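Take a look at the structure set out below.
The values are calculated or read from the model by the stated rules, or taken from the named source; none is laboratory data. Predicted model only: the values in this text are computed from it and were never measured. Here the Cβ positions follow ideal geometry from the backbone for every residue, glycine too, while neighbour counts run over all protein chains shown. We work out accessible area using only protein heavy atoms, side chains counted, and drop any ligands, DNA or RNA first. Shrake-Rupley method; radii C 1.70, N 1.55, O 1.52, S 1.80 Å.
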Amino acid sequence: MTKILIKGGWVISMDPDIGVLDRGDVLVEDGRIAAVAPTIDASEGTEIIDAARMIVMPGLIDAHVHTWQTGIRGIAGNWTMGQYLRGMHATLATGYTPQDIYLANLVGALHHVAGGVTTVFDWCHNNPTPDHTDAAVRGLTEAGIRAVFAHGSPKPDPKEGQKHFSEVPHPASEIKRLREGALAADDGLVTLAMAILGPHYSTYEVTHHDILLAREYGLTVSAHMSGGFQRMVPDGIYKMRDDGLLDDRFNIVHGNDLSDEELDILTDHGVTFTVTPEVEVQMGFGDPITGRVMTRGGAPSIGVDVESNVTGDMFEVTRATLQIQRLIDNRPFAEARKAIESLSVSPMQALEWATVNGARMMGMEDRTGSLTPGKQADVILIRADDFNIHPVNDPVNAAVFYATAANVDTVLIGGAVRKRGGKLDYAGLREKMDQLAASSARILSKSGAMAAAV
């Protein structure tokens with residue numbers, strides 16, 4: 001039995017029965033959380049990790065990210081949604097080889113691990129061939145991150161004689177191949193889900209087919225809704241309800257233009273929601289629905305979305321989601337020139353979005369998201385004596401308002417130490433980064449998408 005004792009830190013457990021400890025220990029045995037307490041004695045053979053002057057908490061969960069875009073960071077910082085669809089999906093994406101996908105997923109996942117993210121929901125919609133798909137999964141697996149690989153579908157402009165992507169059902173043969181092959185296990189480090197077009201971006205017949213396919217293989221299914229465009233199926237939510245297609249394995253990303261009645265229907269059926277506030281604000285989707293979901297008893301999760309225009313730092317995403325929701329809630333008071341009496345959402349709720357809620361959305365609430373005995377040991381240590389955090393007067397506020405990816409000292413995923421003393425445990429990282437840069441240069445040069453899309 002392997003034992004690791006993380007000793008003497010501020011502990012934010014995200015478990016309501018344990019709470020926040022001003023000084024506490026976390027015991028890991030054979031990859032799982034064994035105990036969390038103010039003090040735990042170390043038995044013989046236990047490895048000690050000194051957490052003095054550290055904040056110890058569950059690893060962050062990025063509930064929506066297109067990891068394949070890691071290599072083209074910065075090109076979409078001034079793009080609208082229309083420019084993104086033309087420049088990214090109709091142009092740039094078509095130049096990717098399987099090796100490009102592998103490098104982007106590997107380096108992107110490693111960057112997440114280095115920044116304290118232990119789980120990602122990788123929404124992969126640039127997989128035109130099985131080789132692209134396998135390369136994406138290989139990158140995630142090699143990085144050692146906990147990941148849900150959400151198999152999506154590309155969105156190129158159709159060639160003569162081809163159907164528009166909105167009319168093309170999800171490939172059942174690929175889901176079968178993955179479910180019976182590399183991603184057969186539900187308890188593996190990398191598992192399978194489906195990223196479908198949904199009623200906003202496909203015909204209803206395609207949406208119906210895709211959800212039934214996901215159910216056939218017991219998979220979570222996720223769909224983008226919103227984006228500043230007219231819906232393909234305006235009454236899609238009602239059709240899905242009437243056909244029994246809504247449940248807690250269905251996830252909606254964005255959802256900014258959903259009506260109150262639609263939100264009521266969706267939350268009543270246990271549908272989960274993921275918001276990506278910085279991208280939604282930039283690309284004109286409308287106000288993020290974080291608060292609207294919470295008022296209905298829902299538990300929103302959050303994600304980076306696209307590193308082609310925002311940072312992959314989940315601490316930043318957490319802050320942005322919190323403050324944008326406070327802006328929305330404070331707006332009526334500002335317009336009426338009245339002072340607010342209290343804040344609508346708390347830093348602890350923000351941490352829930354980035355931990356336990358993400359785990360619940362992925363169907364992993366029994367596995368990760370909190371420092372609960374029995375769960376996998378997905379744990380991060382944040383240096384609390386760094387200039388930007390010290391002194392710590394409230395560990396939750398310190399983690400939410402001051403911490404960045406650069407403050408992450410140590411990362412455990414399933415009890416395996418992936419980062420220690422500020423150094424990522426991956427040999428040959430610089431070589432992979434150089435290969436990613438070369439991949440990016442070739443894709444951009446070949447496509448000319450930057451000039452065409454802006």
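Computed over protein heavy atoms with a 1.4 Å probe, the accessible surface of the chain works out to 40 Å² per residue. Estimated at 0.36 nm per residue, the fully extended path between E205 and D17 surpasses their Cα-Cα distance by 63.1 nm.
What percentage of the solvent-accessible surface of the stretch 1-130, computed with a 1.4 Å probe over protein heavy atoms, is contributed by carbon and sulfur atoms?
Details: 2210 of 4330 Å².
Reported share for carbon and sulfur atoms: 51 percent.
A straight chain from D131 to R326 at 0.36 nm per residue would run longer than the Cα-Cα distance by 65.8 nm. Value of Rg to Rh for the stretch 312-454, rounded to two decimals, is 1.08; Kirkwood radius and Rg both from alpha-carbon coordinates.
A simple rule links phi to the HN-Hα coupling: the Karplus curve 6.51 cos²θ - 1.76 cosθ + 1.60 with θ = phi - 60°, which for the stretch 350-358 gives 4, 5, 4, 4, 8, 9, 5, 5, x Hz, with x for Gly and Pro.
What separates the Cα centres of the stretch 174-237 and the stretch 93-147 is a distance of 18 Å.
Between E167 and S344, full extension at 0.36 nm per residue minus the direct alpha carbon distance yields a gain of 59.5 nm. With the simple model of a label 7 Å out from the Cα in the direction of the Cβ, Q230 to A336 spans 3.8 nm.
For K338, the aspartates and glutamates whose Cα comes closer than 15 Å to its Cα, not counting residues fewer than 8 places off in the same chain, are D329. Computed over the stretch 259-393, the convex hull of the alpha-carbon atoms projects to a mean area of 11.0 nm². Dipole of the stretch 1-93 computed with +1 at Lys/Arg Cβ and -1 at Asp/Glu Cβ about the Cα centre; of I40, T80, M54, farthest Cα towards the positive end is T80. With all protein chains present, how much of the accessible area of the stretch 165-284 (probe radius 1.4 Å) comes from carbon and sulfur, to the nearest whole percent? About 50 percent, which is the carbon plus sulfur part of the accessible surface. Candidate values (1) 35, 26, 19; (2) 34, 26, 22; (3) 37, 22, 20 were compared with semi-axes √(5λ) of the Cα gyration tensor in Å computed on the shown model; the agreeing label is (2). Note on Q83 and E160: with the Förster distance fixed at 30 Å, the Cβ-Cβ geometry gives a FRET efficiency of about 0.75. Shown in residue order for the stretch 152-158 are the 3J(HN,Hα) couplings computed by the Karplus curve 6.51 cos²θ - 1.76 cosθ + 1.60 at θ = phi - 60°: x, 9, x, 10, x, 5, x Hz (x for Gly and Pro). With a ≥ b ≥ c the root eigenvalues of the C-alpha gyration tensor of the stretch 182-332, is it rounded (a/c under 1.5), prolate (a/b larger than b/c) or oblate? Oblate shape, in that a/c is at least 1.5 and b/c is the bigger or equal ratio. Only beta bridges with both residues in the stretch 90-220 are counted; by DSSP, about 0 percent of them are antiparallel.
In this structure the amide hydrogen of I48, modeled in the peptide plane, comes within under 5 Å of the amide hydrogens of L5, none closer than 5 places in sequence on its chain. Between D425 and A184, take the C-beta separation as r, use R0 = 30 Å, and let me know the FRET efficiency to the nearest 0.05. FRET efficiency, D425 to A184: 0.65. Working from label points 7 Å from Cα in the Cα-to-Cβ sense, the E47 to D386 distance is 2.2 nm.
Estimated from helical segments only, the mean residue ellipticity of the chain at 222 nm is -9500 deg cm²/dmol, where each DSSP H run of four or more residues counts as -39500 (n - 2.57).
In terms of distances greater than 31 angstrom between alpha carbons, the cross-link table entries K155/K375; K7/K423; K163/K446; K155/K239 yield K155/K375.
Where both partners of a DSSP beta bridge lie in the chain, what percent of those bridges are antiparallel, to the nearest 5? For the chain, the DSSP antiparallel bridge percentage is about 45. Taking all Cα pairs closer than 8 Å and separated by 6 or more residues, the relative contact order of the chain comes to 21 percent. Our summary gives the stretch 67-166 a relative contact order of 33 percent, counting only alpha carbon pairs under 8 angstrom and 6 or more residues apart.
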